[in-house]
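*Asks:* Right, I'll just put the structure down here and ask away after.
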Amino acid sequence: MPISTALVATDRPARYLKQLVSHLGHKADTALAGDSRGTVTLGAGSCVLTASSDGLRLIATAADPEGLARVQDVVARHLVRFATQEELDVRWSEPTAGGDLEILDPVVDDYLLTHCTPADQALQELASTTREATGNAAGMQISHDEGALLTLLTGLTGARFAVEVGTFTGYSSICIARGLVEGGHLLTCDVSEEWTAIAQQAWEQAGVTDRIDLKIGPAIETLRAMPQEAVIDIAFIDADKVSYPAYYEEIVRRLRPGGLVVLDNVFLGGRVFDPAYQEDHHRAMRELNDLVAGDERVESVMLPVRDGVTLARRR
Ligand SMILES: C[S@@+](CC[C@H](N)C(=O)[O-])C[C@H]1O[C@@H](n2cnc3c(N)ncnc32)[C@H](O)[C@@H]1O
């Protein structure tokens with residue numbers, strides 16, 4: 001499904017947004033969310049409008065290029081017509097498919113990787129063991145910069161008790177365990193005996209075995225069996241995507257005030273942005289992203305780190 005974006009430079013983005021949503025409300029499906037966000041759905045396509053400090057941001061999507069061209073045309077024509085006191089320039093980007101979106105230029109990517117605390121020998125060896133032992137599945141391992149971020153966040157929250165959903169071969173567990181305060185613990189959950197056997201060897205080598213408790217079994221059962229009290233200081237969710245909303249809910253209600261939940265892969269390789277992708281995990285991730293953004297129990301931010309990382313801090 002093609003996507004195209006535009007940034008319309010103006011000092012009155014919220015005014016045009018409201019005007020467009022209200023005007024098109026007579027012939028299209030429209031919705032306003034506060035003063036700064038609106039959606040217009042026209043037949044096979046739609047446009048999301050966001051008022052920002054630098055102008056009016058537009059994201060148009062449609063089932064096919066013809067539908068996209070129609071959405072672009074309707075939105076642009078109306079905006080230009082509404083702007084009686086200025087000349088708006090609506091310049092759409094070339095259409096791309098959500099699955100093809102490149103979040104970071106490879107040059108930036110490489111620069112980031114080489115400009116954070118370097119991976120030590122234990123992490124480097126685990127990365128190469130994982131590649132040899134698991135083949136393509138090795139792509140599930142978090143990258144080194146994301147690992148450095150996890151250690152840093154764990155340290156910043158002064159975490160004594162951490163929870164991880166999705167152990168795999170143990171890379172992120174090591175990064176979290178290393179950020180814990182003296183005497184702190186990480187409970188990590190996975191369903192795979194095979195992959196976590198590699199993790200257990202790696203934890204030995206990294207000297208963190210005594211800080212990690214591994215629980216094999218569906219993570220949702222492990223989470224639901226935990227006490228209901230606010231005992232979690234930091235949690236990292238990186239497992240089956242369809243269950244993210246359920247994992248988030250079980251974790252948020254157990255986060256201590258100031259505690260943090262870190263959610264990985266919230267972009268799903270760009271597919272969350274593209275309505276053409278409608279499998280269960282795509283829908284679940286959109287549901288989760290909307291849920292977190294509107295959740296008054298937390299303050300949150302979505303970062304363009306790798307495949308998208310959301311941080312949500314319990315108020
Ligand atoms: C993306 S990998 C985790 C990668 C890991 N964080 C790392 O950095 O190496 C996802 C893991 O979730 C596990 N998993 C999938 N479904 C699960 C479930 N229902 N409960 C617990 N773990 C699950 C998989 O076995 C896999 O090891």
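The values are calculated or read from the model by the stated rules, or taken from the named source; none is laboratory data. Quantities reported herein were computed from a predicted structural model and do not represent experimental measurements. All Cβ positions, even for glycine, are placed from backbone atoms using ideal geometry, and neighbour counts span all protein chains on display. Only protein heavy atoms, including side chains, enter the accessible area calculation; ligands, DNA and RNA are left aside. Shrake-Rupley method; radii C 1.70, N 1.55, O 1.52, S 1.80 Å.
*Asks:* Could you report region 106-314's accessible area per residue, 1.4 Å probe, as an integer in Å²?
*Replies:* Value returned for region 106-314: 46 Å² of accessible area per residue.
*Asks:* Quote the FRET efficiency, to the nearest 0.05, computed for Arg81 versus Glu132 with a Förster distance R0 of 45 Å and r equal to the Cβ-Cβ distance.
*Replies:* The pair Arg81/Glu132 has a calculated efficiency of 0.15.
*Asks:* Mind grabbing the accessible area of Met140 for me, 1.4 Å probe, Å², rounded to tens?
*Replies:* 100
*Asks:* Tell me, what % of the accessible area of the chain is carbon and sulfur with a 1.4 angstrom probe?
*Replies:* That share works out to 51 percent.
*Asks:* While we're looking at this one, here's another question. State whether region 34-147 is rounded, prolate or oblate according to the following rule on the C-alpha gyration tensor (a ≥ b ≥ c being the square roots of its eigenvalues): a/c under 1.5 gives rounded; otherwise a/b larger than b/c gives prolate, and the remaining case gives oblate.
*Replies:* Note, shape of region 34-147 comes out prolate.
*Asks:* Name the shape class, rounded, prolate or oblate, that the alpha-carbon gyration tensor gives for region 124-230, where a ≥ b ≥ c are the square roots of its eigenvalues, rounded holds for a/c under 1.5, and otherwise prolate holds if a/b is larger than b/c and oblate otherwise.
*Replies:* The shape class here is oblate.
*Asks:* For a Förster distance of 35 Å, can you work out the FRET efficiency between the beta-carbons of Glu299 and Glu66, rounded to the nearest 0.05? Each step should come with its number before you reach the end.
*Replies:* On the way: r = 42 Å, r/R0 = 1.20.
Working from the Cβ atoms, E equals 0.25.
*Asks:* Cα atoms only, region 18-92: Rg and Dmax in Å?
*Replies:* 11.7, 34
*Asks:* Which distance in Å, rounded to a whole number, links the C-alpha centroids of region 239-315 and region 1-45?
*Replies:* If we compute the Cα centre of each part, the gap is 25 Å.
*Asks:* Using the Karplus curve 6.51 cos²θ - 1.76 cosθ + 1.60 with θ = phi - 60°, what ³J(HN,Hα) values do you get for each residue of region 191-201, in whole Hz, with x for Gly and Pro?
*Replies:* Residue by residue, region 191-201 yields 9, 9, 5, 5, 5, 6, 5, 5, 4, 5, 5 Hz.
*Asks:* If you don't mind, there's one more thing I want to ask. Please state the Cα pair-distance histogram of region 227-301 with 10 angstrom bins from zero: what percent is in each bin?
*Replies:* Once binned at 10 Å, the Cα pair distances of region 227-301 give 19, 51, 24, 5, 0.
*Asks:* Please arrange Cys116, Cys175 by accessible surface area, largest first, computed with a 1.4 Å probe and ligands excluded.
*Replies:* Most to least solvent-accessible, the answer reads Cys116, Cys175.
*Asks:* Would you list Tyr244, Tyr277 from the most to the least accessible area, probe 1.4 Å? List each step's numbers first, then the result.
*Replies:* Values: Tyr244 0, Tyr277 65 Å².
Ranking Tyr244, Tyr277 by accessible area, largest first, yields Tyr277, Tyr244.
*Asks:* If the reach is capped at under 24 angstrom between alpha carbons, list the lysines near Lys27, excluding any in the same chain fewer than eight residues apart.
*Replies:* List returned: Lys18.
*Asks:* Also: Under Stokes-Einstein, with the Kirkwood radius over Cα pairs standing in for Rh, what whole-number D in µm²/s applies to the chain at 10 °C and 1.306 mPa s?
*Replies:* It comes out at roughly 74 µm²/s.
*Asks:* Where does the chain land at 222 nm, in deg cm²/dmol rounded to the nearest 500, when only DSSP H runs of n ≥ 4 count, each adding -39500 (n - 2.57), divided by all residues? List each step's numbers first, then the result.
*Replies:* Numbers: 10 runs with 117 residues, N = 315.
Using -39500 (n - 2.57) per qualifying helix, the result is -11500 deg cm²/dmol.
*Asks:* Sort Glu164, Glu287 by accessible area with a 1.4 Å probe, largest first.
*Replies:* Result, largest first: Glu287, Glu164.
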